[in-house]
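The values are calculated or read from the model by the stated rules, or taken from the named source; none is laboratory data. As the structure is a computational prediction, the values presented were derived from the model and not from experiment. Here Cβ is always computed from backbone atoms with ideal geometry, including for glycine, and neighbour counts include all displayed protein chains. Note: areas computed on protein heavy atoms with side chains; ligands, DNA, RNA excluded. Shrake-Rupley method; radii C 1.70, N 1.55, O 1.52, S 1.80 Å.
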Amino acid sequence: MPNIKSAKKRVELTEKSRQRNVAARSKMRTLVKKVLNAVAANNKEAAVAAFKEVEPVLDRAACKGLIHKNKAARHKSDLAQKIKALG
């Protein structure tokens, strides 16, 4: 543990930020899996609804620096292609 007051505060802030990032990343991954499960079940309506839910979450994560913007674009593209392949 640090001895300096500002260093102690920085440790606390870093931990809060880490927990926030873990929660946001977990939510993002869960929503992506929701789309993939709907695609695997050949349920296009559920897949489209889940995709509409995950798209802004991916964009927000990329905007906040949680993931790279290209990773968000790649996820959106892959999911859209899988939904489109359901026909």
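Tabulated data
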item	result
Matching residues, the range 27-36, being over 13 Å from Leu86 (Cα atoms) and open to solvent by 60 Å² or more (accessible area, probe 1.4 Å)	Lys27, Arg29, Thr30, Lys33, Lys34
Pairs, first in a helix (DSSP H, G or I) in the range 4-28, second surrounded by fewer than 10 Cβ atoms within 10 Å (Cβ to Cβ), C-beta under 9 Å, six or more apart	Ala7/Met1; Lys8/Met1; Val11/Met1
Subset of the range 1-26 [aliphatic (A, V, I, L, M) and either within 30 Å of Lys52 (Cβ to Cβ) or open to solvent by 80 Å² or more (accessible area, probe 1.4 Å) (or both)]	Met1, Ile4, Val22, Ala23, Ala24
Among (1) assigned to a helix (DSSP H, G or I); (2) closer than 29 Å to Ser17 by Cα; (3) free of Cβ contacts under 8 Å to residues at least 40 places away in the same chain - the single one Gln81 does not satisfy	(2)
Residues that are within 23 Å of Arg18 (Cα to Cα) and without any contact (Cβ under 8 Å) to a residue 24 or more places away in the chain, drawn from the range 62-78	Ala62, Cys63, Gly65, His68, Lys69, Asn70, Lys71, Ala72
Residue among Lys76, Lys64 that alone is within 12 Å of the chain's Cα centre (by Cα) and open to solvent by less than 70 Å² (accessible area, probe 1.4 Å)	Lys76
Residue list for the range 42-61, restricted to those being surrounded by fewer than 11 Cβ atoms within 10 Å (Cβ to Cβ) and either in contact (Cβ under 8 Å) with a residue 60 or more places away in the chain or not in a helix (DSSP H, G or I) (or both)	Asn42
